[in-house]
Amino acid sequence: QVQFVESGGGLVQPGGSLRLSCVGSGSIFSMFFMGWYRQAPGKERELVATITSGSSVNYADSVKGRFTIFRDNAKNTLYLQMNSLKIEDTAVYYCNAQWNDLDVWGQGTLVTVSS
């Protein structure tokens with residue numbers, strides 16, 4: 001069974017940085033289409049960024065120029081580098097992996113941006 005575990009969330013001041021990690025199990029990590037999503041209190045889950053198996057990336061307009069998604073297939077790990085954080089970035093961040101019939105979510109990690 002494929003599982004993903006996020007880490008790296010926490011409390012940070014506006015303008016600060018955090019790096020989220022999502023570690024996967026199994027031997028097919030490199031084949032996954034992966035993404036980061038977030039859900040703020042009272043709002044629906046939204047796309048933050050995606051990365052293909054070939055490392056092509058896509059970002060939501062709200063995070064372009066501030067966030068970077070990348071992967072290290074040798075470590076079975078997906079990352080999200082978040083810079084210039086804003087209060088509105090506060091949310092639970094989830095990683096997602098898709099390949100063929102597989103569609104797997106992590107448990108989420110909370111990011112709180114507050115002064």
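The values are calculated or read from the model by the stated rules, or taken from the named source; none is laboratory data. No experiment lies behind these values; they were computed from the predicted model shown. Glycine gets a Cβ as well: all are built from the backbone with ideal geometry, and neighbour counts include every protein chain shown. With ligands, DNA and RNA removed, areas are computed over all heavy atoms of the protein, side chains included. Shrake-Rupley method; radii C 1.70, N 1.55, O 1.52, S 1.80 Å.
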- Message: Here is a list: Y79, Y59. Which entry is aromatic (F, W, Y) and touching a residue at least 40 places away in the same chain (Cβ under 8 Å)?
- Response: Y79
- Query: Restricting attention to the stretch 89-103, does a residue exist that is closer than 14 Å to S17 by Cα and of a type in the set (D, E)?
  - Reply: yes
- Item | Residue within the stretch 23-38 that is in contact (Cβ under 8 Å) with a residue 24 or more places away in the chain and more than 16 Å from F4 (Cα to Cα) present | no
- Scanning the stretch 18-57 for residues that are among the β-branched types (V, I, T) and touching a Lys or Arg at 6+ places or on another chain (Cβ under 7 Å), which turns out farthest from N76 (Cα to Cα)? V48
- Conditions: (1) open to solvent by 60 Å² or more (accessible area, probe 1.4 Å); (2) within 15 Å of Y94 (Cα to Cα); (3) of a type in the set (S, T, Y). S27 meets all but one. Number of the miss? (2)
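Condition check ((1) among the aliphatic types (A, V, I, L, M); (2) within 23 Å of V12 (Cβ to Cβ)) across all residues:
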site	(1), (2)
G35	no, yes
A49	yes, yes
N58	no, no
S62	no, yes
A91	yes, yes
Y94	no, yes
A97	yes, no
V104	yes, no
- Unique match (being modelled with pLDDT of 95 or more and over 14 Å from F70 (Cα atoms)) among S21, S7, S27: S7
